[in-house]
Structures are given as C-alpha cells and as structure tokens.
Amino acid sequence: MLAKRIIPCLDVKAGQVVKGVQFRNHEVVGDILNLAQRYADEGADELVFYDITASSDGRTVDKSWVSAVAERLDIPFCVAGGIRTIEDARQILADGADKISVNSPALADPSLITRLNDTFGRQCVVVGIDSWFDKESGSYKVYQFTGDESATRQTQWYTQDWAQEVEKRGAGEIVLNVMNQDGVRKGYDIDQLSAIRQVSGLPLIASGGAGAMEHFADVFKQARVDGALAASVFHKQIIDIMELKGYLKQQGIEVRL
C-alpha cells in the first residue's frame, strides 16, 4: 500500500505566502523560502505552490523563487500559476520543480493537458480543480480565476465531468480544491471527494477544510484519497506535521515517518 501524503499548500501573491477563507480576504502569512524550509524540516511529503493571481493577471508564475526553493529543499514540490505553454512548463521544471499544475489555463484550453503529458509524462502533470457546491441546484460546479475575487467565474463544467475529462486527456493527478470548505477548518468535503474517487482512478489530493487531525483521518479512510493538502493549520502551527503523522499511524493509516 502506498503511503498517504501530507502536503502543505503555499498560496503565493506578490512574492509572499498568503491565505484566505473561501478564496477571499487573503492575508500575508510568511516568506516563501522560510515556510518551505520549515515544512521540509517538519516532515512534509511534498509541497504545492500556487501563484494565485497569475492566471487572472494574464501572466505565468513568477519563476524567480522556484530555483531558490529547489536549491533548499530535498522533497518534491509542485508549482502552479498561469502555465499556458510547453515552454512555461519546461522552464519551471528546469528550475527544479518536480511537477507542474494547471487549472484555469486547462479550462481555457483542455488540449494543454494532453500536450503536457506528451512532452513531460503523466507523472509531471497535475490538474487543480476549484469546485463550489451550489445549494440551489445541489451540484458541484468548476470555477476559474479563483485567485482574484473580481475575476472569479463559474465555468460550464460540473466537477465530476471535468475530473473525467482531465483524466481522459492525460492528467497524472487531481487536486480537488473545495471552495466552500476552504479555510473554515470544519473538515474536508467527504461526499464530493468520494464522488470523484468513484469516477476517477487518478491519484486524488483533498484540499479545503482541514482543522483537526481527525479530519485527515476521516478523508483518508472515508474518501480513500491519496494525499491531503492543507494550509492554515500548518501556517498557524495549529497542527504539527510529525504529530499528525504519528496520529494517523495510530489510526492504521500508512504514512512516511
């Protein structure tokens, strides 16, 4: 059995790590390199960096810090933010990232996923999905440009349909960001993650809602995800990564200690 992954998420804006609630009202929480080093030292399995306004600003992720992160870390990391071309991805991977993640650019041009797969291999290609539960319709919809409140918009895609589409086009992994749960620390959306698990065989990473160690155990056991991504509980030192891994081990969940 593959070990479950614990993945701190670092949302980057204007060269700093920020965190919001439900993708709004972002506040600065620290320096990119210092936080990345801290999480590597504390036992994170990998890191994810999102340049959250790159797509809405019409630019690519600021690459100046990618090589600096690679020089300091000995754990894998993934980078996302406005990656629209093969050359964008090539540069980020050359600077030391292990994976690239596409979200809004893939929604604008789904063939990008296939071209990235063909060039770099499935193992390098992650697709992030920002999903919102609409209470009136009782359905999950995919949103785009979520790093900028003024640019955020609903797409034509239902979340389950888009998850199947990205798998078909060659994604190697899905990170499901549940916007309703983001930053509120009430637990992951087990129902939605379970629904995606049923329709996709890709490695699935849960994102949005972690507030206690029990939430990690619940999502691993009930939704059978491969990794759990979290931000504020790690940034604000509410949960220690090694203590979390010890707790999960006690719960019978395989993790790397």
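Annotations for the structure displayed:
- So Ile190, is it open to solvent by less than 10 Å² (accessible area, probe 1.4 Å) and among the β-branched types (Val, Ile, Thr): no
- Selection count, segment 30-81, where residues are on the phi > 0 side of the Ramachandran plot and touching a residue at least 60 places away in the same chain (Cβ under 8 Å): 3
- Taking every residue in segment 2-17 that is under 14 Å from Val79 (Cβ atoms) and pairing it with any residue that is of a type in the set (Asp, Glu), at least 6 positions away or on another chain, the pairs with Cβ-Cβ distances below 6 Å are Ile7/Glu46; Val12/Asp51.
- Given (1) open to solvent by 50 Å² or more (accessible area, probe 1.4 Å); (2) acidic (Asp, Glu); (3) in contact with a strand residue (DSSP E or B) (Cβ under 8 Å, 6 or more places away or on another chain), number of the condition Asp226 does not satisfy: (1)
- Options Arg115, Arg153; residue that is open to solvent by 50 Å² or more (accessible area, probe 1.4 Å) and free of Cβ contacts under 8 Å to residues at least 12 places away in the same chain: Arg153
- Residues of segment 164-175 include at least one that is open to solvent by 20 Å² or more (accessible area, probe 1.4 Å) and touching a strand residue (DSSP E or B) at 6+ places or on another chain (Cβ under 8 Å).
- Residue that is modelled with the lowest pLDDT, among those in segment 121-132 that are surrounded by 15 or more Cβ atoms within 10 Å (Cβ to Cβ), touching a Lys or Arg at 6+ places or on another chain (Cβ under 8 Å) and not hydroxyl-bearing (Ser, Thr, Tyr): Trp132
- Restricted to helices (runs of 4 or more DSSP H) entirely inside segment 203-257, those with at least 2 residues that are touching a residue at least 60 places away in the same chain (Cβ under 8 Å) and under 18 Å from the mean Cα position of the chain (by Cα) are 213-222, 232-235.
- Flag if Val175 is outside any loop (DSSP other than H, G, I, E, B), aliphatic (A, V, I, L, M) and farther than 20 Å from Asp11 by Cα: no
- Any chance Ser101 is open to solvent by 10 Å² or more (accessible area, probe 1.4 Å) and not charged (D, E, K, R): no
The values are calculated or read from the model by the stated rules, or taken from the named source; none is laboratory data. What you are looking at is a predicted structure, and each value in this text was computed from that prediction instead of being measured. In this analysis, Cβ positions are derived from the backbone assuming ideal geometry, glycine residues included, and neighbour counts consider all displayed protein chains. The area values use the complete protein model at the heavy-atom level, side chains included, leaving out ligands, DNA and RNA. Shrake-Rupley method; radii C 1.70, N 1.55, O 1.52, S 1.80 Å.
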